Amino acid sequence: MASMDVDNTIDESLYSRQLYVLGREAMIRMSQSNVLIIGLRGLGVEIAKNVVLAGVKSVTIYDPELAQISDLSSQFFLNEEDIGKRRDEASCPRLKELNNYVPVSVLNDDLISSMGLLKVSLFLFQIYFEKQINSENQRASNKKEDTSIKGALSSEDAKKLGLSDEELKQITNCLKLVNEERQKQGLSQLTTNAELTKCAIIRSKEISNKFDHTRPNGSDCFSVLKENNVSFMACGENIAAGQSDANMVMKDWMNSDGHRANIMNKSYNKVGIGIYKGGGYGLNWTQIFTN
């Protein structure tokens, strides 16, 4: 039997087009929804028709007004013999025929009770809507926090360096993870800047062709700092390739004694983080530490 059950299964043969447009999660939520529709003139009955065809759990309709001959021009679920009958009672049998798996019923309570149910429905919708708005605001706030971590690269500097939004997100997250690990050990937080980031990006491009701490020109990895006029008293470099995001690369570095030592070195106070997509491993990662 074609149906959408409470166990979150969907009959794909019946609802294939809706699944393609709306997605499985939306369809499951619809299949668990009881819908009240008040008013069954032209627009109201069109809404009722679409809701029934959508495959919701149940539909309840309410329109105690008597059908008039003028309704026949826009309400196509009424016939001439329905004139003088309640719109909801006359429309209900034909709405039921649209989808045998969606129960359609008429709300026969008096107007006061119906309006009370309407108020409850509107109140619940308002609560749901406010929750959705709050959820969106929270996601926006989290996104803002992720890109405004203390000491992180600014969006303006990222743009100058040619970084995409996703690359900036990964670099910022990597810095956040570094400082979380350092904080666990009571170490000072590292900051970054455009100059160090530029050096790390250069090194990430280089290791996409030659995965080594020695640069393609034969010089050591720290010569990139001198070339870009970055002064330092001590420095260190971590490189990696193939990890899909900051969480994965940090996990690998923290599981390696040498890389972990750089991350946890108490003499460092800055880090440049570079990411570059290319070569045989996909993403290439570099951390350059200085003080």
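The values are calculated or read from the model by the stated rules, or taken from the named source; none is laboratory data. Values in this document were obtained by computation on a predicted structure and should not be read as measured data. Cβ coordinates were reconstructed from backbone atoms using ideal geometry, including for glycine residues, and neighbour counts include every protein chain displayed. Keep in mind that these areas ignore ligands, DNA and RNA; they rest on the heavy atoms of the full protein, side chains included. Shrake-Rupley method; radii C 1.70, N 1.55, O 1.52, S 1.80 Å.
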Next item on the list: Can you send over the solvent-accessible area of THR191, 1.4 Å probe, protein chains only, in Å² to the nearest 10?
Entry: 50
Note to self: Heavy atoms only, 1.4 Å probe, whole protein assembly: order SER267, SER219 by accessible area, highest first.
What the structure shows: SER267, SER219
Checklist line | Amide H within-cut-off set for THR191, under 5 Å, with H built and near neighbours excluded | finding: LYS270, VAL271
Check: Quick one: which of LYS169/LYS205; LYS176/LYS251; LYS159/LYS226; LYS226/LYS266; LYS198/LYS277 span more than 20 angstrom between C-alpha atoms?
Finding: LYS159/LYS226; LYS226/LYS266
Notebook entry, point to check: Which value in nm describes the separation of the simple spin-label points at ILE83 and SER33, placed 7 Å from the Cα toward the beta carbon?
Noted result: 3.6
Check: Which sequence of SER223, SER33 reflects their accessible areas, 1.4 Å probe, from the largest down?
Finding: SER33, SER223
Item checked: LYS205 - accessible surface, heavy atoms, 1.4 Å probe, Å² rounded to 10 -> 100
